[in-house]
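Data block below; observations after.
The values are calculated or read from the model by the stated rules, or taken from the named source; none is laboratory data. Quick caveat, the model's predicted, so the values are computed rather than measured. We place every Cβ from the backbone using ideal geometry, glycine too, and count neighbours over all the protein chains shown.
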Amino acid sequence: MIEKWFYGRVSTIEQQEDRNALKKQLERGKNAGCDRFYWDIQSRTTEVREGLQQLINDLKISPKGTISELVVTRIDRIGSSSKLFYSLLEVLRSRGIRLIALDQTIDTESLGGELTIDILLAASKFEIKMLSSRVSAERKHRMTQRKSHRFAPLGWKVENDIYIKDESWCVSLLDGKRSFRVWELAKLVFDVFGLCGSVRKTCNTLNEMVGTPGKIEARSPDVKRKHLISAENLDSTDFSSNTKKTFKRYPWASLQWSPAGLKNFLVNPVHAGGTPFNVTTSSPSKGKQISHFDKWDCNWDTHEGIITREQHEQIKRIIRSNANNKWAATAGDTTNPFANLVKCGRCGGALTRMSSRRDRRKGDYTAYYQCTHYSLGRCDAKEMISSRSLDNQVAANLVREATRLASMVDFGEEKHLEPASVKELRETLAGLDKLPTNHFVEKAKDGISDQIASILSLHEKATKRSLLVREELVQMFCDREYWDSRTPEDKKRMLNRLVRRIIVDGRVLLGIEFF
């Protein structure tokens, strides 16, 4: 039996819950005669999506001729990335499957169809940039108008763009038979921190007081969200239950505290009468991250706080000083050569320095690394690896890799093939050359030529980078003594220049990924 498959996507869970947008897309697919339905609730800029990846994997293993069409409502439901779209299109072509957009008449097999797709994807990218620009402009406007943010931290709510205390009842404790309003509970957090003097101890004390577990519930590696629905189960599927909650804090979640969440709560200027701005930074590799609290901008005296400005500054001083204590897993002023490079081979999480010991005879420190997900119950890699063992295994791996590369052919004589995307673009360009000359054809040819030049430029840079890394490896690590004679600062510079990540499983180095 020949089947039709459908893919649907919305950006947020609110779109599904408020307007039933995803369900409507899938129902349109059902009316079009589709048998299987794949879906995602993620932004179009997110290229790695569970439902889309599941669709691509199932397409690759499907027998040729069993699927006739892949149906979407619009091209931008797949995404705004040309690379992502054409990688999916290549899989469809290899299986003889047509791509159908219900709201757009596009022939993906023709040159004009490909040009139309490129224009639609470019328009989608432009729309994303315009939305981002409008959001950024609104944030700047709110900052200059001294207005609050849309959402408030624990203890507060927003009315008329001003933070006010949340007077609703929150929790009752059996100990002392005390009941707290939300803002009173927030004030209690600061009182407990004043008694404990550290974030982790405060976190444990609060979790014990309100009866929440000290560790976050472990994720089961065997349970995966299903992003595949059959036509029979379409009406009974609850998308919200399969999707992570938009909010994972009170009142949508329990009063469980984590050290990272508690630290961000304690240093939030809202509690001292301020409104913070420019709290996060974005990068292509790491995405959006919270900056260090010393880098935040703030409008002060926008509302009445529950602590004073002096108390707020004192809390930040305590947190800064705690970061430099020996019991906070800091090995003096010693440089860590492996910072941000060591990853867990089981779960992919980062390894962090949990403790350190000082050798009294030699005076140097030995640090011990463990997967950060182990303490959260999300990984079973309990064993720690010492900095000495890691250093020895890294050195042995570098020497082994340098020896292997030295035995290969001369780097300058190596030939590198063009990327597959360039070959496809050249074929499209050759097809355009056969068409009668007109303004639109010439414009399309110029655009494709620019794309080819851009891809080749990036490919050449990546190739040169790879060759330089290999040459440096051969020159520096043919002898183990070179590594042993380097200072920690030198080792850190070399590793950051040559290595993408170091993969460890327990006490064993699994491998090193180079640039």
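When region 298-313 is examined, which residues are found to be of a type outside the set (Val, Ile, Thr), in contact with a Phe, Trp or Tyr (Cβ under 8 Å, 6 or more places away or on another chain) and within 22 Å of ASN160 (Cα to Cα)? Don't jump to the end; show me each part of the working.
Going residue by residue through region 298-313, those that are of a type outside the set (Val, Ile, Thr) are 298-301, 303-305, 309-313.
If we keep only those that are in contact with a Phe, Trp or Tyr (Cβ under 8 Å, 6 or more places away or on another chain) as well, we get 298-299, 303, 309, 311.
Correct list: CYS298, ASN299, HIS303.
Would you confirm whether or not region 168-178 contains a residue that is surrounded by 13 or more Cβ atoms within 10 Å (Cβ to Cβ) and modelled with pLDDT of 85 or more?
Of the residues in region 168-178, the ones surrounded by 13 or more Cβ atoms within 10 Å (Cβ to Cβ) are 170-171, 173.
Pick out the ones that are also modelled with pLDDT of 85 or more and you get 170-171.
Yes, the conditions are met somewhere in region 168-178.
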*asked:* Any residue that is among the acidic types (Asp, Glu), under 21 Å from LEU102 (Cα atoms) and touching a residue at least 12 places away in the same chain (Cβ under 8 Å) - is there at least one of those in region 5-21?
replied: no
*So which residues in region 179-199 are surrounded by fewer than 14 Cβ atoms within 10 Å (Cβ to Cβ) and touching a residue at least 40 places away in the same chain (Cβ under 8 Å)?*
GLY197
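Filter region 88-105 down to residues that are within 25 Å of ILE41 (Cβ to Cβ) and surrounded by 15 or more Cβ atoms within 10 Å (Cβ to Cβ), then give me how many there are.
Pass one, region 88-105, residues within 25 Å of ILE41 (Cβ to Cβ): 88-89, 91-92, 97, 99-104.
Checking the rest, the ones that are also surrounded by 15 or more Cβ atoms within 10 Å (Cβ to Cβ) come to 88-89, 91-92, 97, 99-102.
Of the residues in that region, 9 qualify.
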*Say we look at region 62-77 and pick out the residues that are among the hydrophobic types (A, V, I, L, M, F, W, C) and modelled with pLDDT of 90 or more; which of these is nearest to the chain's Cα centre (by Cα)?*
VAL72
*When you go through (1) within 19 Å of LYS83 (Cβ to Cβ); (2) in contact with a helix residue (DSSP H, G or I) (Cβ under 6 Å, 6 or more places away or on another chain) one by one for PHE37, which number turns out not to apply?*
(1)
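Tell me the residue from GLY214, GLY194 that is modelled with pLDDT of 75 or more, over 20 Å from ALA152 (Cβ atoms) and not charged (D, E, K, R), please. Spell out how you get there, then give the answer.
Values: GLY214 fails: modelled with pLDDT of 75 or more.
The match here is GLY194.
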*Residue list for region 380-404, restricted to those being buried (at least 18 other Cβ atoms within 10 Å of the Cβ), under 31 Å from the mean Cα position of the chain (by Cα), more than 18 Å from LYS492 (Cβ to Cβ) and not small (Gly, Ala, Ser)*: MET384, GLU401
*Find all pairs meeting these conditions: Cβ atoms under 9 angstrom apart; at least six residues apart or on different chains; first residue within region 336-353 and surrounded by fewer than 20 Cβ atoms within 10 Å (Cβ to Cβ); second residue assigned to a loop (DSSP other than H, G, I, E, B) and of a type in the set (Asp, Glu).*
ARG346/ASP380; CYS347/ASP380
*Out of (1) surrounded by fewer than 19 Cβ atoms within 10 Å (Cβ to Cβ); (2) under 26 Å from the mean Cα position of the chain (by Cα); (3) in a loop (DSSP other than H, G, I, E, B), the odd one out for THR108 is which?*
(2)
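Kindly indicate whether LEU120 is at pLDDT 75 or above, assigned to a helix (DSSP H, G or I), in the same structural domain as ASP76 (by TED's automatic domain parsing) and surrounded by 14 or more Cβ atoms within 10 Å (Cβ to Cβ).
So LEU120 fits the description; yes.
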*Hits in region 136-167 (condition: over 30 Å from the mean Cα position of the chain (by Cα), modelled with pLDDT under 90 and part of a loop (DSSP other than H, G, I, E, B))*: GLN145, ARG146
*Tabulated pairs, region 81-109, first in the same structural domain as ARG49 (by TED's automatic domain parsing), second outside any helix (DSSP H, G or I) and among the acidic types (Asp, Glu), C-beta under 6 angstrom, 6+ apart or interchain*: SER81/GLU47; LEU84/GLU47; ARG98/GLU69; ILE100/GLU69
